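The structure appears below as structure tokens.
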Ligand code: LLP
């Protein structure tokens, strides 16, 4: 992220985090436009040798300003719900660059996507294929189809975010793909456009990605021999990022791996990165409410909680936490926890920090799967969001109000 320190105070681009906390309150998500754009440009540079389309995985951060920024850079979008489609369209995204993933697409979602004219449906089962054919027939459209195949490679990541093994619910087994492509070719309201796979998230090793690409490309060649030609090959999500001491894979190297394999092929490469486009471009700003010394450990109770950033509670994920202003307080080891009534409500364990009550902390690498996974648990309104562009401050989402949270509810009589 475009983070820097001047006279002991932390800035995002040219704006002091203290200023933001005073003006907008905490907890507060803060993003850097320069960091978002740089992350996108890294992809376009790394894959420049291969005709490609970057379809930003909306689930990583679906805030309209972020979608709009990527739309302006020319990105397509990977969506997984009708709600994400509405957001992409509201943000000015091009429906012709939208791919629709997910194992449970409803008929309504299919209709909305057909109506918008999306690029393709990443179909994940025979039943879904039949439903899509039926719905397309009902609305008088031809649905573009790409199967999501499951290459059965181990991505070596957290089990909750690994998706390409045969025990996962995702995709169709590669061995069954030829028969399903033939079925798709025989159905009247479908048009085959491509193939897709996604093996997991936060990958820190390129070899599973290369293995998956090899298996998918071998299948594409088999399909071609059977008379099924594809326009694109979608290799799913992006590379992992650095949260702590991980060494994220070299994107240029991934670009070279795919350039070698795509040389001489006519299919367009699609990628669906989420985390690596937004993760390190955002932070969560929070204030220390109380310091609570305990017998065994000390707690720093902050005003952000698992409803704001669920990753630590859900995956025991690590996020770096830094003091916004350096001070001469005693260095102490703290568990940084939120106010929610759950032991699992923590942001970080055993962090050595020199802090006092009232201080601001920045929870780093929170741009991906932070705000998009936020909830109202404990009736906590969702945080506001700020996009920084050099010295400009854009409030891109208001802090949720209690009234907005209760809208749509009523008493019964
Ligand atoms: N494409 C598909 C079909 C996906 O399911 C995902 C992520 C992506 C692309 C984007 O992958 P990425 O480039 O972000 O690695 N909530 C978890 C991550 C769940 C990822 C789910 N699918 C977390 O906070 O770590």
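The values are calculated or read from the model by the stated rules, or taken from the named source; none is laboratory data. Because the structure is predicted, anything quoted here is derived from the model rather than measured. Note that we place each Cβ from the backbone using ideal geometry, even for glycine, and neighbour counts take in every protein chain shown.
What to note about this one:
- Test: residue 51 is surrounded by fewer than 18 Cβ atoms within 10 Å (Cβ to Cβ) and in contact (Cβ under 8 Å) with a residue 24 or more places away in the chain: yes
- Inter-residue pairs, beta-carbon under 7 Å, first free of Cβ contacts under 8 Å to residues at least 40 places away in the same chain and in the range 313-341, second part of a strand (DSSP E or B) and within 16 Å of the ligand (Cβ to nearest atom), 6+ apart: 313/346; 335/346; 336/346; 336/347; 336/348; 337/346; 337/347; 338/347
- Hey, residue 313 part of a helix (DSSP H, G or I), on the phi < 0 side of the Ramachandran plot and assigned by TED's automatic domain parsing to the domain that holds residue 7 or not: yes
- Here residue 236 passes the criteria (1) more than 15 Å from the ligand (Cβ to nearest atom); (2) at pLDDT 95 or above except the one numbered (1).
- Scanning the range 250-279 for residues that are buried (at least 18 other Cβ atoms within 10 Å of the Cβ) and part of a loop (DSSP other than H, G, I, E, B), we see that the one that is farthest from the ligand (Cβ to nearest atom) is 267.
- Just one residue in the set 103, 98 is within 25 Å of residue 174 (Cα to Cα) and touching a residue at least 60 places away in the same chain (Cβ under 8 Å); that residue is 103.
- Qualifying residue in the range 205-212 (condition: more than 25 Å from the chain's Cα centre (by Cα) and in the same structural domain as residue 173 (by TED's automatic domain parsing)): no
- If you go through the range 112-129 and keep only what is surrounded by 24 or more Cβ atoms within 10 Å (Cβ to Cβ) and more than 18 Å from residue 93 (Cα to Cα), you end up with 122, 123.
- Test result for residue 210, under 28 Å from residue 264 (Cα atoms) and surrounded by fewer than 15 Cβ atoms within 10 Å (Cβ to Cβ): no
- Scanning the range 76-107 for residues that are under 24 Å from residue 387 (Cβ atoms), more than 13 Å from the ligand (Cβ to nearest atom) and in a loop (DSSP other than H, G, I, E, B) yields 91, 92, 93, 94.
- Residue count for the range 319-346, restricted to those that are within 16 Å of the ligand (Cβ to nearest atom) and either closer than 29 Å to residue 22 by Cβ or not assigned by TED's automatic domain parsing to the domain that holds residue 296 (or both): 3
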